[in-house]
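To start, the structure under review is shown below, and the notes come after it.
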Number of protein chains: 2
Amino acid sequence: MLNTTHDPQLTSWVASANRPDADFPIQNLPHGVFRRRGSGEAWRGGVAIGDQVLDLGPAAALGLFDGLAAEAAALAAAPQLNGLMAAGPVAWSALRAALSQALRERAPQAARLRECLVPQADAEHTVPAQIGDFTDFLASYDHMVNAGRIFQPAHPELPNFRWLPIAYHGRSSSIDVSGTDFPRPLGQTRAPGAAAPSFGPSQRLDYELEIGAFVGPGNVRGRPIAVGDAQAHLFGIVLLNDWSARDLQAWEALPLGPFMAKNFLTTISPWIVTLEALAPFLCGLPRRAEAPEELPYLRLPPGREHAAFDIQLEVALQTATSAAPMPLTRRSARHFHWSLAQMLTHHASNGCNLRPGDLIGSGTQSGPNDDEKGCLLELSHGGQRPIRLPNGEERAFLEDGDTVVMRGWCERDGFARIGFGECRGTVLPSGAH
Amino acid sequence: MLNTTHDPQLTSWVASANRPDADFPIQNLPHGVFRRRGSGEAWRGGVAIGDQVLDLGPAAALGLFDGLAAEAAALAAAPQLNGLMAAGPVAWSALRAALSQALRERAPQAARLRECLVPQADAEHTVPAQIGDFTDFLASYDHMVNAGRIFQPAHPELPNFRWLPIAYHGRSSSIDVSGTDFPRPLGQTRAPGAAAPSFGPSQRLDYELEIGAFVGPGNVRGRPIAVGDAQAHLFGIVLLNDWSARDLQAWEALPLGPFMAKNFLTTISPWIVTLEALAPFLCGLPRRAEAPEELPYLRLPPGREHAAFDIQLEVALQTATSAAPMPLTRRSARHFHWSLAQMLTHHASNGCNLRPGDLIGSGTQSGPNDDEKGCLLELSHGGQRPIRLPNGEERAFLEDGDTVVMRGWCERDGFARIGFGECRGTVLPSGAH
């Protein structure tokens, strides 16, 4: 799956892409939808390169791309990338190869393409696709057990976790891109021992560190997707913050699962890192010795066992009085119990149709160690043991003015660093806009 | 809220609309999206009148409508009705008044409009809006208790039911209109006492009798909807069958709720009966003596207490060997514990944004009597006591070849009958298309 676009020696005529700590070197080329901030311009598709955005509409109009790459470039220039996602891996790869050629050092197209760059500092973003459905999984063994220890200490491990990728349908309307400030949600909660619930601002507001995957071509209703084919239905990956109001969740979630506790906002990073860019970072799933073998429909076939991604994930918290974000969590997404391919196959196994642009959340990414817990619920042991921040403040849950910053990147010897940028959001007081 | 369009004396120049048992008299005028069956024509909006569809595109092109009614007619002629839903009650009402004028006996427009009729027998339908999000509630006290007696006999009543409208997010992609045949879904189940689950066709396939409401203008994220204003955000109502695989549900649903058990298909009736057509059938919610008073944000203000709809609902089953559908259930939707207005207000109370075209399901409609149970799970007491059909067959759950037919209508002395048409679907063997 690796090709010349992954060559770590490649450099770009966009100088900022060549810095060793760049999130967006020429080996990355993630897709997003943007416009100049405050311009009122139309939203359109672009590709990140260094600290710039390549504006794909005018770039494609230069006639520099041919055939399938030109068709894909037109789809990638649209205000919603569903058409590009539907086009499938061959088209995605053709566009990537053409962009890699056009953006590399000494490319003859450089002079004309330079006119199509917009500084990222001047850009604003929107959700890059019409997300028909958002599904959120529970794929981290450690998150499952950590949460289980808090909510049902006698039986912390769910009996179905090792057999099926557990999931629920989330809310599409309230997905937004990084940078969204939002009022603390109101909701119904019942205090322990209280006779009646009350309605007011959530007192146990939390983040959840996840990755999200945009679905590519998808399937017709009634036709499942074989697990060996599933990866070809994944377009790319973003960071995802599944903001959660734990007190609303505790009161509402039986018997139908989380609803108002999570549907007020979900934040994603604006750049979609393609599966092809992530190919060097595919790795095997950790199989615990005691885990049963998967049922056949979920068993990764020979040659497809490397279905996890070794993505480094980090959460930092900036409070109203701190000068900079303070790290809370660092974690690799390779510790998934279930791969995105298995989640997709399970999702379609009953005939449910997945459409281009659907979003799949991984569920909170947590590991066995304290600095690998992907939400405050786990870090503070259900709020019982507030954590101490480097600046001396304590947190059990988020306070007004707190900004959560998630970052992600891939590193491996012999390959260029591939970054995701950041996924950020700030809690405002209830009622603020 | 009643006006001359509700006058029971009104008759139409479309003679079939004047039959006393017509679902679609001139007092109804429901909206849908259709084309001539098998024609490959473009989908477009129409209004049902008697056994005909008024094709709104050509009708509007005749220049018979003015001002707001003309604007609304253009939106109602579109292949997706989201624009009409966004336009709000004043526009909906203007269009209804204009259609009522144009379709009534001796209307001067009759001769020209007659050219815009398509027989319903020649029409096929599609989902009438882009459904951004589908939310399914649990609003029937009797369904909650009946299901509770099966799943947790020691505590059949959920402690949160009387305080909040319980709901979960459903699947948008697999919503389809009446007439869809579908293969029995496959899925993971675990037999009682088995050490491991298995994967195969669901053995406990069920229907659920619901009504669905399409959201009108909706709200901006972060801005709740006051319960006194909520009804103005409801465009209209359809019948809804929330097909459910009970064996998949039992294995997967803890802790995140139903997922694969329900997302393989949801069927709706093709005609959306508007809130204005249903105005004569508004009625109060039954308040059980022991129910607590609602929290203030859910309390219907004076003058808005009539928030339930007295809709007669019926389920019939036609088997592979029966000559006609056999009635299973008859029920009025007035027995809701929560009104659609309260569901909507609760849904937006945390700032979650509802968009035009979103679909709200009521949850299974059941009553206290055996012939008022809205699904086979309840009728057969969890499969323990199969029901005997009039033709001698027995059913615990659905068998291949079974067709479920739901019908709904409103009747009240002094008003025309308002019908919903039917919502129908047939179970095919697993793997069939």
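The values are calculated or read from the model by the stated rules, or taken from the named source; none is laboratory data. Keep in mind that what you see is a predicted model, and the values were worked out from it rather than measured. Reconstructed Cβ throughout: ideal geometry from the backbone, glycine too, with neighbour counts over all protein chains shown. Calculation scope for accessible area: heavy atoms of the full protein, side chains included, ligands and nucleic acids excluded. Shrake-Rupley method; radii C 1.70, N 1.55, O 1.52, S 1.80 Å.
Structure notes:
- 3J(HN,Hα) along region A:18-23, derived from phi through the Karplus expression 6.51 cos²θ - 1.76 cosθ + 1.60 where θ = phi - 60°, amounts to 9, 5, x, 9, 5, 6 Hz, with x in place of Gly and Pro.
- Alpha carbon centroid spacing (whole Å) that separates region A:181-258 from region A:322-342: 17
- Within straight-line reach of residue B:373, meaning a Cα separation under 21 Å, sit the following lysines at least 8 residues removed in sequence or on another chain: B:262.
- Residue among A:406, A:85, A:260 with the largest mean-square fluctuation in a Gaussian network model of chain A, springs linking Cα atoms under 10 Å: A:260
- Calculated label separations, residue B:304, copies of the chain, 7 Å along the beta-carbon direction, nm: 5.2
- Distance in nm between pseudo-label sites at residue B:37 and residue B:162 (7 Å out along the Cβ direction from Cα): 5.0
- 12 Å cut-off, amide nitrogen to a point 7 angstrom out along residue A:370 Cα→Cβ, residues in region A:138-163: none
- Farthest towards the positive end of the charge dipole of the protein assembly as shown, among the residues B:286, B:131, A:9, is the Cα of A:9, using unit charges on the Cβ of Lys, Arg, Asp and Glu.
- Max mean-square fluctuation residue, GNM over chain B, Cα-Cα springs under 10 Å, options B:170, B:50, B:351: B:351
- Mean separation of Cα contacts under 8 Å (6+ apart) over length of region A:4-126, as relative contact order %: 31
- Relative to the longest principal axis of the Cα atoms of chain B, the long axis of helix B:141-151 makes an angle of roughly 30 degrees.
- The phi torsions of region A:97-104, fed into the Karplus equation with coefficients 6.51, -1.76 and 1.60 and a -60° offset, translate into couplings of 4, 5, 5, 4, 5, 6, 9, 7 Hz, rounded to whole numbers, with Gly and Pro shown as x.
- Complex-versus-alone comparison for region A:231-273, residues with a loss of 50 Å² or more in accessible area, probe 1.4 Å: A:251, A:255, A:256, A:259, A:260
- The protein assembly as shown, accessible surface, carbon-and-sulfur percent (1.4 angstrom probe): 52
- Length-normalised contact order for region B:134-428 - Cα pairs under 8 Å, 6+ apart - percent: 28
- Shortest first, residue A:287 label-point distances to identical copies amount to 6.1 nm, with the label point at 7 Å from Cα along Cα→Cβ.
- The protein assembly as shown, helix-only ellipticity at 222 nm - DSSP H runs n ≥ 4, -39,500 (n - 2.57), divided by all residues, nearest 500: -4500 deg cm²/dmol
- FRET E, pair residue A:111, residue B:130, Förster distance 30 Å, beta-carbon r, rounded to 0.05: 0.10
- Counting only other chain Cβ atoms within 10 Å of each residue's Cβ, the peptide B:371-384 averages 0.
- 10 Å Cβ neighbours from other chains, averaged over peptide B:130-140: 3
- Near residue A:421, the amide H atoms lying under 5 Å from its own belong to A:408; only residues 5 or more places off or on other chains count, and H is placed 1.01 Å from N.
- Take residue A:20, move 7 Å from Cα toward the beta carbon, and the resulting point lies 9.0 nm from the same point in each other copy, nearest first.
- Remark: region B:301-308, residue by residue, has Karplus-estimated 3J(HN,Hα) of x, x, x, 10, 5, 7, 10, 9 Hz, where x stands for each Gly or Pro and the curve is 6.51 cos²θ - 1.76 cosθ + 1.60 at θ = phi - 60°.
- Choice from B:379, B:256, B:265 with maximal GNM fluctuation in chain B (Cα, 10 Å cutoff): B:256
- Shielding of B:175-185 by partner chains, average beta-carbon count, 10 Å: 2
- With protein chains left intact and a 1.4 Å probe, residues in the protein assembly as shown average 35 Å² of accessible area per residue.
- For the rotation that carries chain B onto chain A, the axis lies closest to a Cβ at B:257, 1, where the number is the distance in whole Å.
- Net length available on complete extension from residue B:323 to residue B:4 is 110.6 nm, with 0.36 nm assigned per residue and the Cα-Cα distance removed.
- Each peptide among B:119-130, B:21-32 gets the average number of other Cβ atoms lying within 10 Å of its residues, and from highest to lowest they stand as B:21-32, B:119-130.
- The contact between chain B and chain A removes approximately 5400 Å² from the accessible area (both sides summed; 1.4 Å probe; ligands, DNA and RNA excluded).
- Using R0 = 41 Å, the C-beta based FRET efficiency linking residue B:122 and residue B:387 works out to 0.65.
- Distance between region A:115-161 and region A:16-59 - C-alpha centres, whole angstrom: 24
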